[in-house]
Amino acid sequence: MSHPELRPRPPSPLVEVVDERFAARGVRLLLKRDDLVHPELPGNKWRKLAPNLRAALEAGHGEVVTFGGAYSNHLRATAAAGRLLGLRTTGIVRGDELADRPLNDSLARCAADGMRLCFVTRSDYRRKAEPRTRDRLLAEAGAAGAYVVPEGGSNALALRGCAGLGHELRGAADVVAVACGTGGTLAGLAAGLDPGQRALGVPVLAGGFLGAEIRSLQEAAFGGPAGDWSLAEGFDHGGYARVPDALEAFAADFGARHGFPVERIYVAKLLWALVALTASGTFPDGTTLAAVVTGRP
Ligand SMILES: Cc1ncc(COP(=O)(O)O)c(C=O)c1O
């Protein structure tokens, strides 16, 4: 029997917003308010973690271990999920130099939710997917038998959870756009849409490696390519977690116009990209565009 916290949730709201930057080009903009899907596990955190936590509980695990950087939303969500479900959680954190410093707000929230934090060197962290390094890191963290969720939470179960987001958007839009870190959310979302609908990913990290990642994530989850997706590169604003003044001002203005808190690291870059792509005529007149609000500040 699934934990009551993990029961299926109603579809998150889909709302039309009126914004002249889109209307002037004949584009309808919808916001998929997936940040409202769960009060403590917003957006893609819920989509990815819920199937993994169900699997962990069904297999009788009492502990979940995962990986992240010092500001990881994923670590925070895993810690909150552990508190809600009564599961022990361990977070393996990039950067052993952090062990001697006061915790930042994000890690302090993890700790307050009961997550045990283990700081590891950057070189170990880079190699965490290699089985020998991973097993050693888990053993050193005292989490050898724990259920392992990868960095960013993107594994096959997570993609199937994100396909549920696609199902909720069937028939509702021509193009569904989402910000990408690991690409797991886009990979699952694309698989869940109707044929004829298109998923568009906006990478928030510089690099150009994401297409191959998404193909391999889809291979693992669905046995091959799934859905129609593409990436809009060039909107990383200097790299992960960089929020230049112009982006900050854009996000504050967007939030004020449309009455919701715009998460800066992912959602702001997505919305900026959609305004820019619309202005340059990427979407034909008559397009209905849905932007997925994947998280909260
Ligand atoms: C708010 C938010 N949006 C989007 C993403 C990107 O998700 P993915 O790693 O599946 O591409 C993340 C990743 O953690 C996130 O926190």
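The values are calculated or read from the model by the stated rules, or taken from the named source; none is laboratory data. Since this is a predicted model, take the numbers as computed values, not measurements. All Cβ positions, even for glycine, are placed from backbone atoms using ideal geometry, and neighbour counts span all protein chains on display. Accessible surface areas use protein heavy atoms only, side chains included; no ligands, DNA or RNA. Shrake-Rupley method; radii C 1.70, N 1.55, O 1.52, S 1.80 Å.
Quick one: in the stretch 174-184, of everything that is more than 8 Å from the ligand (Cβ to nearest atom) and buried (at least 24 other Cβ atoms within 10 Å of the Cβ), which residue is farthest from the chain's Cα centre (by Cα)?
Here the residue is VAL176.
Return yes or no: is GLY114 modelled with pLDDT under 95 and over 20 Å from the mean Cα position of the chain (by Cα)?
Against the criterion (modelled with pLDDT under 95 and over 20 Å from the mean Cα position of the chain (by Cα)), GLY114 does not qualify.
Has the stretch 55-68 got at least one residue that is part of a helix (DSSP H, G or I), surrounded by 19 or more Cβ atoms within 10 Å (Cβ to Cβ) and at pLDDT below 95?
Taking the stretch 55-68 and keeping what is part of a helix (DSSP H, G or I), we get 55-58.
Of the ones still in play, those that are also surrounded by 19 or more Cβ atoms within 10 Å (Cβ to Cβ) are 56-57.
After this cut, where a residue has to be at pLDDT below 95 as well, the list is none.
No, every residue in the stretch 55-68 fails to be part of a helix (DSSP H, G or I), surrounded by 19 or more Cβ atoms within 10 Å (Cβ to Cβ) and at pLDDT below 95.
Give ALA146, ALA158 a once-over and let me know the one that is surrounded by 19 or more Cβ atoms within 10 Å (Cβ to Cβ) and within 16 Å of the ligand (Cβ to nearest atom).
Just one listed residue meets the conditions, ALA158.
Mind checking which residues of the stretch 29-39 are outside any strand (DSSP E or B) and within 14 Å of the ligand (Cβ to nearest atom)?
Restricting attention to the stretch 29-39, the residues satisfying the condition of being outside any strand (DSSP E or B) are 33-39.
Correct list: ARG33, ASP34, ASP35, LEU36, VAL37, HIS38.
Conditions first: (1) more than 11 Å from the ligand (Cβ to nearest atom); (2) closer than 22 Å to LEU41 by Cβ; (3) in contact with a Cys (Cβ under 9 Å, 6 or more places away or on another chain). ALA141 passes all but one, so which condition is the exception?
(2)
Report whether or not ALA187 is away from the ligand (no atom under 13 Å from the Cβ), among the hydrophobic types (A, V, I, L, M, F, W, C) and either part of a helix (DSSP H, G or I) or outside the structural domain of TRP229 (by TED's automatic domain parsing) (or both).
no
Identify the single condition in (1) open to solvent by 30 Å² or more (accessible area, probe 1.4 Å); (2) in the same structural domain as GLY171 (by TED's automatic domain parsing); (3) within 15 Å of the ligand (Cβ to nearest atom) that LYS45 does not satisfy, given that it satisfies every other one.
(2)
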